[in-house]
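Engineer: Just passing along the structure, written as structure tokens.
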Amino acid sequence: MDLQEKLEMLKAIVGEDDDDDVLKVYLDLAGDVILRRLYPYGTNNSQVPSPYQVRQVEIAAYLLNKRGAEGELAHTENGSSRTYADAYVPPSYLRGIIPYASVPGEE
């Protein structure tokens, strides 16, 4: 999946009001979350592997929808209530992302 496909998918989820540059930043942030989970001991990889690219879009949409309420643990207003499971990306979004590990010198 290329960047344009990810942008189109993200626009379909959150609406087309946001600038492409803003959406790219959120895709980059989501990609970083996935790469840190995949490679907890570091890596030179900067591309999200294809099995996790849809998850990258889902995480980007989650982060976009939290704008202005980052880290919110509870909020009630006019009958509407919000509580976030985590201050950043909830563990439920990271399930299924299996970390890679290797022994030094055996890569």
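Every number in this text was worked out from the coordinates using simple rules, so none of it is lab data. Note that the coordinates shown come from a computational prediction; the quantities given were computed from them, not determined experimentally. Don't worry about glycine lacking a Cβ; one is built from the backbone with ideal geometry, like all the others, and counts go over all protein chains shown.
Engineer: What are the residues in segment 19-42 that are closer than 24 Å to S92 by Cβ and either basic (K, R) or touching a helix residue (DSSP H, G or I) at 6+ places or on another chain (Cβ under 7 Å) (or both), if any?
Structural biologist: L23, Y26, L27, L29, A30, G31, V33, I34, R36, R37
Engineer: If you don't mind, there's one more thing I want to ask. Given the conditions (1) in contact with a Lys or Arg (Cβ under 7 Å, 6 or more places away or on another chain); (2) within 17 Å of N65 (Cβ to Cβ), report the number of the one that I34 does not fulfil.
Structural biologist: The number of the failed condition is (2).
Engineer: Return the residue satisfying two criteria in turn: it lies in segment 13-55 and is of a type in the set (G, A, S) and at negative phi, and of such residues it is surrounded by the most Cβ atoms within 10 Å (Cβ to Cβ).
Structural biologist: First pass over segment 13-55, keeping only residues of a type in the set (G, A, S): 15, 30-31, 42, 46, 50.
Subsequent filtering for residues that are at negative phi retains 30-31, 46, 50.
Working: A30: 27, G31: 21, S46: 9, S50: 8.
Ranking the candidates gives A30 first.
Engineer: Give just the number: which of (1) surrounded by fewer than 19 Cβ atoms within 10 Å (Cβ to Cβ); (2) over 16 Å from Y100 (Cβ atoms) does L10 not satisfy?
Structural biologist: Among (1) surrounded by fewer than 19 Cβ atoms within 10 Å (Cβ to Cβ); (2) over 16 Å from Y100 (Cβ atoms), L10 violates only (1).
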